Every structure is written in C-alpha cells, then in structure tokens.
Amino acid sequence: MNLLLNIVDLFGGRELLSLLDLNETSLVCAQKGFVSIKRAAGDRYTDKKYDFPSACGSFRDCIRMQDHLSSLKIGEIMASFGTLNWIIVIAYLLGNLLLGWYMSRRIKTSEDYYLGDRSAPWWAIGISVIATYVSALSFLGGPAWAYGDGMAALAIHINYPLVIFAVVVFFLPFFYNSGVASIYDYLERRFGKTSRRVMAALFLITQAITTASILTATAIVGTFATGLSVELVIMIMTVIVVVYTLMGGMNAVIWTDVLQGIILFIGAGLILYHLVSATSPMSGALENLAENGKLNPLNFDMNINIAPTVWAGVIAMTLFHITVYGANQMMVQRALAAKTIGDAKKSYLMMGYAAFFIYFLFFFIGALLFVHFKGQPFDQPNEIILQFANKLALPGLMGILAAAILSASMSSMSSALNSLATISVTGFYKPIFKKDADEKHYLNASRAFTIFWALMIIPAALAFVNSQGSILEILSKVGSYFVGAKLAMFGMGFFSKHTTERGLLIGVAAGFIGLLLTVGFLDYEGLYPNIAWPWYVVIGGVINIVVSYSASLLLDGRQSEWHVQTVIGQRAKFRAENLPEKDGKWYRVPGKIEPATWGLPLFFGGIMLFLYWFSTLA
C-alpha cells in the first residue's frame, strides 16, 4: 500500500482545500494506475477511484501529489504545521548536526571512525543499542501490527532476555577479544577468507535494504508535516544523516543515539498518556480488547501458519533475534567501542532488561488505538499513530512526535551507514584493493563509502514507498530469508569441531535453496505451504547446519582437535596460556556467565507470568 499520506485527511479536510485554493474541487493522488479523488461534502469527504489518466478532466481537477504539491502554496501548508512544532523539529535537527561537529574533533584515524576513541560510558552505548533497533519501524509499525493482531503480536518480542543472554555469553567475548572493528573477522580466523566475504556481502545487501525501509518510514513524517513529496523528504533526511555521520563517526553515532532515544520515548510516553485518557476507563478498554480477541498476548496455538504465537516467539524469533544482536555488524560495532568487555556486556544487558517494556509500550499503544478508533480499517496502517496525534491538536505535540520518529529513523540510519562503510573498507577495499595505505587514506575511504551507501539506499527507499501492510512485519519477513546462514555460520563456528569452510559454504547455498523450495519467494497461491515467516530462520538454519556438517565430514573428514576459535578451544587457550578469565567482574572467556547475566532467564520467566496476568485483566 502506498505510504504517501492522504494530506487532505491528515490536515483536516476543508481547511487544507482553502489553503490550496481548490474550494469544492478535488485533490487527486495517482496510485498504481488509478486516481483517488477526495471531494468536499459538508465536513466530510467522499472517496472515488477512477482509471488514470482518463479521469483527469483538467489540471485543476487532477493533481499528481508528488509532482505538483510544491507549486500549491507549500509555504502555507508548512505554516499549518505550526511555528512551535517547527521550532522543535529544527532544534532537534540542528542538535544532531552540532553533536556531529563536536565529535569530529576526535576523529583522526579510520579506527576512530569505526569505534570512536572508546570514551563513551556503557549506559550511552546501551541507549545507542536500544535506539538503533527501535527505529521508526517500531514506532509506526508496532502500533500498526497490534492494531490488526492485538497484543498477540507482542509474542514475537518476548524473547529478548534469552537473546541477550546468548549474545553476552558467547558472541561478545569472541568479538571484543579480537580487538578489531569487524565481527566478520572472526569467520576468517575460524574458517577462512571466503566465509568472511560471503557473510560480509550478505550483511551489506540486507542492511542496505533494512536501512532503506527505515528511511521510507521516516518520509511518512516528512510528508505529513510539510506536504513535500516522499522522494524529496527521503533525500533531505539522507543528507542530514550523512553529514553528521561523516563528521563524527562512531562517537557521533553513539551520542546522537542518546539524544534520539530520549526524544523517542518522550514522544511515545506522551502518546500513551493522552491515549489512556481518550480510552478511559481502562477497564472498559481492556474489556473491549478482550471481546475482540485482542487482549491476550499468549497464543499457544501450535499452528506454524500463524506468526504471532508463543512458540514462534520463544523458538523461532529467539534464533532470529540472536542473529540480529549477535551476528549483525551494525548492532555489535557499538559494543566493540566500549572501554572494557564489562562495559560492552553491560550495554547489552541494558537492552536485555529494557526491550520487553519498550515493545510492550508500542504494542499496547496499538491496541488502545484499536479501541479509540473502534477498529475502523485504515488504508495506511502505519499512519494510525499519526492520525491520533493530529486529532489531539495539542501545541507542540506534533513537533515532538515528528522529532521522535525522525530520531528513531536517524539513529538506525546513521548506525547502518557507519557499519556499511566499516565492512566495505575492512572486508573488501583494504584487503583486496589497497593493502598498504596510510590511516588518512582509509579514513577518507570510509567517508567515501558512507556517501556511496547513502546513494545506494535512496532508490531502495523509493521502492518501499509502495510496500504493503505494516512496514515492521514486511521487513521481518524479508530479513528472515537471510538469517539462517548467519545463525549457522556463527553457531557452527562456536560449537562444531568438525565443520570446515568448504562444508560451511555448501551448507549456506543449500540453506537458501532449501528455504526457497519450502516456502517459495513469490506468493503463488497453493504452490507452497503457508508457513509463517518467523519459522523461515528455523528451516534455513536447520538445512544449513545439517548440510554443512555432513559436507565437512565428507570432504575434509573428522578434525583431530578443537579449533582455537571455538568455545572449547578458547577455554583451552586461556588455560594453556594462563590468561586471566576475568576483567574485573566480567568474564573474557566465552561460555562463562556472570550473576547479572544469569538474571536474564529469570527475567524471562517473570515476563511470561506478567503476560498471563495481563491476559486476565478483563
């Protein structure tokens, strides 16, 4: 569904028509071969669709929004957003640029660009981790998802304590102890150069797609607030993010993330506060949700055709999110910028203990929006939260909300651009094309690749403009086609004695082919089984692991010793070389567990009890 917002509806109908000097004529948007004409009828508007371009009787009656709005008194449309709202948004954008400029004084080498100068405290890195993944996809797509599926959609996100437990215990020690900026360096040391480059290439492709979808979600706010075309908003936002990322590198990414995270949760908190007031009494709202089957977050249905079930959340999405937080350069890179391994682990533990509450907030907002709007269908599901905020008409609220959504997107985008540049230089440019250049050259190359990836992301973002349904759900579905390979490569690297590079690469290819044969890539009805997308990672991962292990034994035989880059190999190395297992209170050796980390499985049990209690409130 086209993500261009219907500007007539959002700005209040007749008032906007008077601004455009159209009076009782029509505002038209060309979409997918037809024209949608909104005609004034008292205080309401009727919607009629006609074949395009035959419906156009005149220029006055047929306006292509993205091509012509700039000529229709855009200044007056922008003024309708309100001076206070503009002050808030502009102050926020300038604040990000100033932070980038301030941090630029610390950038002297390419390593400074990738990891900063390791001066950021653990709590700032933790907020950065949270803000990076909790993007506009969550702020807009989360409520949209819950509006349709109710609180059951939350099941997809109940697994974070289990996910962070695995990442902190196994992934971070390997990556942090290596002392390098790229997590894919591990694959080269464990298997070989080809494995590293295959996984790095997959990261570049999938991360560019992910970032493009985030940029599209941001453009919703820009279109909503200014009346500018989605295309123009995408380019403006890209330029702003590129500028402060180029200046400040990872330091700028982390500290702008802190600013952006604070604004994001202020915006979400304000929406929840006014939404609770609008749907009071809460007992009635909860009863309404229960009557419509949208209150219970614990769906224990064993049907793998249903995406938001407890089994999908605990089994399939735990594996999915382990790859997101443990095998994703964008997420792990900021932890590698920590002063010590203890700070790196604490930054991730913050996410492990906070993520559930964050996603509960977003999905509860979506459920209450269902009550407020009485379940009416929306053509644009990702605009529901914007519709509510606009109707409140509170001074400054739209500015805060716009800044919150912009902040969520900019956080994810800046992190992605920095990580894409890091992998492009360390994984491909430096080892293949320019091995012996000085640090200034690699710093300039990193900045050039930042610009390159920004230019690559823009066309993909424009393609997402015509995406269907909730952006968050679409992105998760697309991403699940690739995570099986990540899961297998790192998992077998950590725990398998006999897996070799040749067998692993055969397994990666088999995982892709097996997944396509099982669930298909295109939606041909009746041709493929209707398996819900969270299970794709399980299917792809299992095929990948079985084929990798079998092919390794067939081609290279059984290995006599554990590789030093396995968990058992690392423990043997620490013993043999008499290395300290701890740095302060935190383990450096993989597989060892601190008390604070043990709290995560207990916290998961508390989450399940809370959700059961929540389901009984009506």
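The values are calculated or read from the model by the stated rules, or taken from the named source; none is laboratory data. Since we're looking at a predicted model, the values are computed, not measured. Here Cβ is always computed from backbone atoms with ideal geometry, including for glycine, and neighbour counts include all displayed protein chains. Keep in mind that these areas ignore ligands, DNA and RNA; they rest on the heavy atoms of the full protein, side chains included. Shrake-Rupley method; radii C 1.70, N 1.55, O 1.52, S 1.80 Å.
Structure data summary
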| read-out | value |
| --- | --- |
| Accessible area, probe 1.4 Å, largest first, for residues Glu287, Glu501 | Glu287, Glu501 |
| Cβ-based charge dipole, the stretch 275-408, positive-most Cα from Ala312, Gly284, Met350 | Met350 |
| Protection proxy ranking of 345-351, 412-418, 271-277 - average other beta-carbon atoms within 10 Å, highest first | 412-418, 345-351, 271-277 |
| Residues with amide H under 5 Å from that of Asp583, placed H, sequence gap 5 or more | Arg588 |
| 21 Å Cα-Cα threshold exceeded, pairs from Lys339/Lys486; Lys294/Lys391; Lys193/Lys435; Lys497/Lys582; Lys346/Lys497 | Lys339/Lys486; Lys294/Lys391; Lys497/Lys582; Lys346/Lys497 |
| Formal net charge of residues neighbouring Val589 (Cβ-Cβ distance under 11 Å; K, R +1; D, E -1) | +4 |
